[in-house]
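A.B. asks: Got a structure for you, questions after.
Readers should treat all values here as calculations from the given coordinates under stated rules, not as data from a laboratory. Everything numeric here is computed off the predicted structure, so don't read it as measured data. Positions of Cβ are generated from backbone atoms using ideal geometry, with glycine treated the same way; all protein chains shown enter the neighbour counts.
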Amino acid sequence: MVRPAQTARSERTREALRQAAMVRFLAQGVEDTSAEQIAADAGVSLRTFYRHFSSKHDLLFVDYDAGLEWFRTALANRSPQESIVESVHSAILQSPYDVDAVAKIAELRADELDPGRIVRHIRQVEASFAEVVEEHLRHDDPPAPGSDAALRVTVAARCIAAAVFGAMEVWMLAEERSLPELARLCRTALDSLESGVIPTP
């Protein structure tokens with residue numbers, strides 16, 4: 001069993017490694033930065049580095065891997081009268097991440113990594129995001145397991161996650177990577193989902 005103090009210490013170590021990596025990555029590039037340098041800058045051993053990350057490239061995704069607790073909390077605080085699409089969009093805009101850091105990390109990912117690797121990683125986080133949306137949809141009125149209503153909740157949650165992460169994928173691989181542009185793309189994706197998704201000829 002992990003004690004709260006160990007969890008807090010682990011989170012501080014991960015954050016120190018993330019900050020050290022970003023400083024190095026921005027100064028000298030990802031390929032010219034070693035895991036040893038990142039660990040030394042964070043004041044930990046290389047063994048500790050590998051206890052938290054399997055490679056230096058994992059640090060390029062730490063903004064997504066930090067967990068979705070902020071999103072879960074923001075979504076829970078939305079009005080029950082609000083549509084799920086509106087709730088999700090508003091919750092996304094409450095992201096706790098530093099605007100400049102998010103844009104710089106996205107630029108580093110696009111410059112340093114194969115687009116296929118970026119997309120694969122985003123798909124993993126997308127699945128977790130869909131689970132949070134599904135939990136939210138089931139919270140007040142849980143449908144019976146195996147029912148059509150349960151299926152509709154699952155499909156809705158996965159479609160919402162696909163729309164948001166589709167927008168994020170387009171944003172990460174585009175030239176324009178400002179947060180207002182990401183917000184615009186998310187809004188467009190969610191609006192297209194709400195209006196029926198499949199374009200008419």
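A.B. asks: Relative to the Cα centre, what is the charge dipole magnitude of the chain, using +1 at the beta carbon of each Lys and Arg, -1 at the beta carbon of each Asp and Glu, and rounding to the nearest 20 debye?
C.D. replies: Details: 22 positive and 31 negative charges, 135 e Å.
With Lys and Arg at +1 and Asp and Glu at -1, about 640 debye.
A.B. asks: Testing the spin-label approximation: label points 7 Å from Cα along Cα→Cβ at GLU181 and TYR50. State their distance in nm.
C.D. replies: The modelled label-to-label distance comes out at 3.9 nm.
A.B. asks: Using alpha carbons only, how many angstrom separate the centre of segment 140-201 from the centre of segment 42-58?
C.D. replies: Value for the Cα centre distance between the two parts: 34 Å.
A.B. asks: Would you mind giving the average projected area, over all directions, of the Cα convex hull of segment 90-201 in nm² with one decimal?
C.D. replies: Details: hull surface 34.7 nm².
That works out to 8.7 nm².
A.B. asks: Dimensions of segment 4-56 along principal axes (Cα, Å, largest first)?
C.D. replies: Cα spread of segment 4-56 along its principal axes, largest to smallest: 36, 17, 16 Å.
A.B. asks: Cβ under 13 Å from SER90's Cβ, SER90 left aside: what net charge do those residues give with Lys, Arg +1 and Asp, Glu -1?
C.D. replies: 0
A.B. asks: Ordered by residue, what ³J(HN,Hα) values in Hz, to whole numbers, does segment 54-61 give under the Karplus form 6.51 cos²θ - 1.76 cosθ + 1.60, where θ = phi - 60° and Gly and Pro are x?
C.D. replies: After applying 6.51 cos²θ - 1.76 cosθ + 1.60, I find 7, 7, 5, 5, 4, 5, 6, 10 Hz.
A.B. asks: So for the pair THR7, ASP114, with labels modelled 7 Å out along Cα→Cβ, what separation do we get in nm?
C.D. replies: 3.6
A.B. asks: Considering only the other residues whose Cβ falls under 13 Å of the Cβ of SER178, what net charge follows from Lys and Arg at +1 and Asp and Glu at -1?
C.D. replies: Local charge sum for SER178: -2.
A.B. asks: In addition: Give me the dipole magnitude in Debye, nearest 20, for segment 4-56 about the Cα centre, with unit charges on the beta carbon: positive for Lys and Arg, negative for Asp and Glu. Numbers along the way, then the final one.
C.D. replies: Details: 8 positive and 6 negative charges, 53 e Å.
For this selection, approximately 260 debye.
A.B. asks: Place a +1 charge on the Cβ of each Lys and Arg in segment 23-104 and a -1 charge on the Cβ of each Asp and Glu, then give the dipole magnitude about the Cα centre in debye, rounded to the nearest 20. Don't jump to the answer; show the numbers that get you there.
C.D. replies: Values: 7 positive and 12 negative charges, 46 e Å.
Dipole magnitude for segment 23-104 comes out near 220 debye.
A.B. asks: What value does the chain have for Rg/Rh, both radii from Cα atoms and Rh as Kirkwood defines it?
C.D. replies: That ratio is 1.01, to two decimals.
A.B. asks: Hey, what do the phi angles of segment 22-28 turn into as Karplus ³J(HN,Hα) couplings, whole Hz, using 6.51/-1.76/1.60 and θ = phi - 60°, x for Gly and Pro?
C.D. replies: Residue by residue, segment 22-28 yields 5, 4, 5, 4, 6, 7, 10 Hz.
A.B. asks: Tell me which of ALA163, SER54, PRO80 sits at the most positive position along the dipole axis of the chain, charges placed on C-beta atoms (Lys, Arg +1; Asp, Glu -1).
C.D. replies: SER54
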